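The values are calculated or read from the model by the stated rules, or taken from the named source; none is laboratory data. All figures in this text were calculated on a predicted structure; none of them were measured in a lab. Neighbour counts are summed over all protein chains in view; Cβ atoms, including those assigned to glycine, are modelled from backbone coordinates with ideal geometry.
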């Protein structure tokens with residue numbers, strides 16, 4: 001009888017995965033699955049997660065879980081992610097994102113005689129941009145507008161060009177990333193310490209592996225197919241007009257960044273604006289003690305400071321107070337869009353994880369792992385691979401990570417390991433898995449512009465990203 005609840009939890013995971021693959025609204029799937037598991041756990045006599053303020057009856061307490069999850073999320077990580085979303089919307093509208101991309105890609109001119117080296121060099125530069133512009137589809141579209149034509153002009157095939165552009169979003173790191181915000185909250189880590197001490201040291205060698213892999217993989221495929229920028233890789237290229245948003249489970253595709261930005265619409269000095277939050281967080285973090293008095297900033301505060309600095313830039317540039325004041329609405333709209341996509345997904349995933357805990361999934365996972373001789377390293381590898389595959393199937397790094405990451409503290413405590421050491425590779429694997437998913441928003445959007453199919457991009461991405469996953473497991477765990 002004690003094995004029945006964990007087995008049922010595993011069945012629920014399989015059913016949820018199938019429903020998500022069928023594009024059923026993920027927020028509803030995770031929420032209802034979690035609530036049903038909590039009810040089943042109660043009927044099976046399993047201990048339930050506690051509520052702070054019980055109504056006195058278990059039936060009503062079921063909805064208290066939702067209320068408390070909303071309260072906890074909106075007061076913490078939810079507000080942080082909404083502030084990030086609002087800021088990203090604002091810097092796109094004023095053209096700061098495009099200015100940053102334009103300047104960052106200037107070094108590529110040094111490699112014009114080496115087309116495949118130029119294409120591969122897009123990846124590390126693009127990854128740095130992804131830290132400051134934490135939207136996979138948004139950054140992908142900016143790079144398609146600015147870098148894609150350059151690579152095509154150098155003789156790189158469309159598939160090679162679009163594959164390296166999607167690879168720029170393979171590692172979701174940095175304080176402005178929604179996955180990072182959730183990971184640091186769960187692991188109870190400072191965002192800058194997590195970024196500088198954990199994410200960067202792991203991401204740098206991973207990025208090197210991916211860059212080298214793409215150089216050889218793309219050159220091999222292009223030579224094998226004997227095509228340039230035109231050929232059989234172009235399938236049913238209907239148009240390059242904007243397509244409707246797809247894969248709404250992932251906030252990465254809910255980007256305010258517009259398609260088809262072919263020229264600068266803001267001064268080059270605006271490139272500093274997307275970097276401001278990162279600069280503020282690093283300068284005023286515990287890592288650097290630069291001032292004689294202590295100053296500590298969190299990510300949310302840094303976003304609001306950067307917003308007002310950006311509005312100051314706009315006022316100086318346009319000298320129109322009414323227009324600049326009106327532009328604040330862009331920030332609020334960006335926050336609202338992130339609330340209805342990402343924050344509500346976190347809340348639904350929180351209920352789902354509570355259901356898994358109530359059904360004894362963690363206990364069953366730990367007991368199974370121990371019975372086959374897996375320790376903390378073994379279960380860490382299993383969870384990392386599971387997150388990678390889940391992101392690959394769902395096309396959403398957020399949905400897979402938000403659903404399983406809350407389980408990590410309890411699993412880590414059972415094995416006596418640090419939560420950060422387990423959650424860090426899962427953090428990276430979530431965004432890596434999305435990069436090899438044919439239903440990911442970033443692949444759908446960039447494939448439409450390039451005139452290729454998402455499956456063709458996945459074919460180019462598979463070898464480099466699987467190599468990166470293998471390197472991640474060996475480098476981090478072994």
Any residue at all in the range 188-195 that is in contact (Cβ under 8 Å) with a residue 40 or more places away in the chain, more than 30 Å from residue 408 (Cα to Cα) and not in a helix (DSSP H, G or I)?
-> no
Select from the range 316-337 the residues that are closer than 14 Å to residue 91 by Cα and either surrounded by 15 or more Cβ atoms within 10 Å (Cβ to Cβ) or touching a residue at least 12 places away in the same chain (Cβ under 8 Å) (or both) and list them in ascending order.
-> 324, 327, 328, 330, 331, 332, 333, 334, 335
Can you find a residue in the range 290-306 that is within 21 Å of residue 103 (Cα to Cα) and modelled with pLDDT of 95 or more?
-> yes
Checking 156, 209, 164 in turn, the sole residue that is surrounded by 22 or more Cβ atoms within 10 Å (Cβ to Cβ) and part of a helix (DSSP H, G or I) turns out to be 164
Residues that are out of contact with any helix residue (DSSP H, G or I) (no Cβ under 7 Å at 6 or more places or on another chain) and either on the phi > 0 side of the Ramachandran plot or part of a helix (DSSP H, G or I) (or both), drawn from the range 427-457 | 448, 455
Show the residue pairs that are 6+ apart or on different chains and have beta-carbon atoms under 7 Å apart, the first residue being within the range 431-445 and without any contact (Cβ under 8 Å) to a residue 60 or more places away in the chain, the second being buried (at least 24 other Cβ atoms within 10 Å of the Cβ) and in a loop (DSSP other than H, G, I, E, B).
-> 437/395
Checklist (1) under 28 Å from residue 165 (Cα atoms); (2) modelled with pLDDT of 90 or more; (3) buried (at least 21 other Cβ atoms within 10 Å of the Cβ) applied to residue 380, failing item | (1)
Report, by residue number, each residue of the range 139-148 that is in a helix (DSSP H, G or I) and either closer than 15 Å to residue 127 by Cα or at pLDDT 90 or above (or both).
-> 139, 140, 141, 142, 143, 144, 148
Select from the range 409-423 the residues that are closer than 16 Å to residue 353 by Cβ and under 18 Å from the mean Cα position of the chain (by Cα) and list them in ascending order.
-> 422, 423
The one condition in (1) more than 21 Å from the chain's Cα centre (by Cα); (2) in contact (Cβ under 8 Å) with a residue 60 or more places away in the chain that residue 67 fails to fulfil | (2)
Filter the range 412-423 for residues that are surrounded by fewer than 24 Cβ atoms within 10 Å (Cβ to Cβ) and assigned to a helix (DSSP H, G or I) and give the result.
-> 412, 413, 414, 415, 419, 420, 421
Looking at (1) at pLDDT below 90; (2) under 21 Å from residue 108 (Cα atoms), which is the only condition residue 212 fails?
-> (1)
Across the range 304-351, what is the total count of residues that are in contact with a helix residue (DSSP H, G or I) (Cβ under 7 Å, 6 or more places away or on another chain) and closer than 30 Å to residue 403 by Cβ?
-> 20
Qualifying position, being at pLDDT 85 or above, surrounded by 20 or more Cβ atoms within 10 Å (Cβ to Cβ), within 18 Å of the chain's Cα centre (by Cα) and in a helix (DSSP H, G or I), among 386, 392 | 392
